[in-house]
1. So, with a 1.4 angstrom probe, what is the percent of accessible area on region 538-690 that is carbon and sulfur?
2. Which value results when the Cα radius of gyration for the chain is divided by 2.2 N^0.38 Å?
3. Return one whole number: the accessible area per residue of the chain in Å², for a 1.4 Å probe.
4. Excluding residues on the same chain fewer than 8 positions from K405, give the lysines whose Cα lies under 23 Å from its Cα.
5. Over region 363-453, what is the relative contact order in percent, taking alpha-carbon pairs closer than 8 angstrom and at least six residues apart?
6. Tell me the angle of helix 3-20 to the major Cα principal axis of the chain, expressed in degrees between 0 and 90 and rounded to the nearest ten.
7. Please list, or write none, the lysines whose alpha carbon is within less than 21 Å of the alpha carbon of K254, excluding same-chain residues fewer than 8 places away.
8. Sequence gap at least 6, Cα distance under 8 Å: using those rules, report the relative contact order of the chain to the nearest whole percent.
Amino acid sequence: MDELSFSRRLLVPIAAAVLTGSLVGTPSAAAQADEPIQDPLPDPVPSSLGITVEEFAQFPKTEPVPAPTDQRLVRHARINHLGEIPDGSGRMYVPDLNGRMYLLGDDGVPHLYLDVGAEFAPEFISGRGLGSGSGFITFHPDFARNGKFYTVHTEWGAGLDEPTTHPEQPGAEFHGIVTEWTADDPAADVFSGTRRQVLRLGFFGRIHGLQQIDFNPTARRGSPDHGILYIAAGDGGLGATTTDPQDPTTPYGKLLRIDPLGTDGPGGTYGIPPDNPFAGEDGVLDEIYALGMRDPHRFSWDPAAGNRIFLGHIGEHRVEAVYDVRPGDNFGWSEREGPFVFKRGDPVCGVYPLPEDDEQYGYTYPVAAFDHNPPPGHPLCSDSGHAISGGFVYRGHDVPQLRGKYVFTDLVDGRIFYTEASEMRRGRPMAQIHQLMVYTPDGVRTTMRELAGDTRVDLRFGRDAEGELYLLAKANGKVWKVVGAKRFAACATGHTTVRANDARDWTPLTPEKWDFRHGQAILTSPGEAPPGPRRPFEYAVLSDGPAFANSRTSARVRLDTPVEVTNRDVVILFGYQSDTRFYYAHLSTDNTIYPHNGIFVVNDADRVRIDDQWDEALSRGAPPSITDTRWHDVRVTHCASSGEIAVHVDGTLVMTAVDRTFAEGRTGFGSFDNIGRTSHFATTGTAVRR
């Protein structure tokens, strides 16, 4: 069965269910009784790859109208997108939700092209609701010839008396409007021309309104997708309590697709593309391209894959997801949140296992996703402070290390992620999400929080016509261009190698606790806390050969303590200078208390945790490193020259740190109060000769 036939078949029971009042996709009774899943999805893993960002533009401060009551709206400038006008001029455009639309020339200095807020005052509103204001701007692919571009904005007051497109939406708190503008001179740097309303929708809440509107930049002139406008319409904030996103008679929680130059749609203000998946279906809005969404925040096309659309979807309380969108897809909200059951009215706001008969409902699940929980002490149903902003598959030329990667953000805290586009395949296990590091042009590692000067970054990606990437932060109104990439802990480690073969190569702290045989160093009984600083209880130092500056230690390790012990561990020592001066990587089954599963420094005082992964607020570090009694491959890289430290387990980077306390030292193996063993222990590095 082809995609279109499947899509048409899928919507028939949905329409029938809505019209008869039943709920399509309701999980089985057995699934409803399941307990909520406490940790639904794996965390993004740290990547050794980092992007270099260079400040590109600074935007002027703007104010919401009216003055906001929500402090999240108090930003320097609410810039939320960057694109390039498709006319070959190289001019880029940036909208500010507070009403202004800017152009950027070669000098990177923004100048006002159009004041959307002023055009629609006093009905224009940007100070109520996170998405209110002039939300998005996109240019018709034939702008150079027809001068047409399109904006989204919100209205209240007298604007609520204007008739909506369809269906009737009485009692709406604000209206979202798509407007077509026609420039008298497409080459002019300040707009002069005419406008007309294309579409007007009423929303019953002040969030999750009209989001991105855009044209497929990969569609060639004459193709069915050329000049077709995609419109991401959120659920108005009501999806958590209603079935609107599943209702095919409403536009809420849908990706819509229209021909803005056509006339056969409602009121004759736009057309219905004949290849829309539900065009002509009874009881279904012809504009619907895909449905079942809460807050479809950003979508983009992969220029190397034709019409493949990746959409970033902001979840309710637990799941931030990326979808590969095809005609007729149903992403399940508000019956599903990501690949899990969502229960409206659930007092713990959790997600639940899918029912055994889930396939019959025909939902499409994410190709990548990550989860989050409210911070400790916060109500279970509170805002967790995380939200995905969809990005782009990088196909540019300036940063070859990013090529083929889908790059996106957590817009709130400013983390930057990527997945391999080749791994994002429907019907297969979700792609692994990696967290990118960030560097300044002079090679200093930083974070977007530091660059934005705020813990709430409000970060989004933009892209120019060459496929190069830009980052925009509302917090300080700055734009950065991604100009390069850098590998963490990629220092040269020299060619001197020392391997541990037998007992003669090791110096144990307490010899009677060790057994050296068959190339293994075996800690046979737990150590005891030594006097002085808090540090590992028992270890053996690789005393053969020299001490090292830059070094890379590789080993196979095994935890012999039974898995029933929840805080069992082993440690890899490096930079060892004395019994109270060294680093160690703590590989533990537990990651929820300060002393476990991290990178530490002992400097004649109690150990101090230095890894990037420890979250003090959540009291949680990197995912547990070793949870079984099998052998695992461990690699610890210490770039003494830069202070960079990287710990890999089974080929995956799990922990990173930057610290310059010790510039040289030896390596070793041990534990706190557990037992374990290592084999194939070797260190390659730059030997320190005296």
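The values are calculated or read from the model by the stated rules, or taken from the named source; none is laboratory data. No experiment lies behind these values; they were computed from the predicted model shown. Ligands, DNA and RNA are excluded from the accessible area calculation, which covers all protein heavy atoms including side chains. Shrake-Rupley method; radii C 1.70, N 1.55, O 1.52, S 1.80 Å.
1. Taking all protein chains in place, region 538-690 shows 47 percent carbon and sulfur surface.
2. Here the answer is 1.07, to two decimals.
3. Heavy-atom accessible area per residue stands at 38 Å².
4. The reachable lysines, counting only those whose Cα sits under 23 Å from K405, are K481, K486.
5. 24
6. Taking Cα atoms only, the helix is inclined about 70 degrees.
7. K343
8. 12
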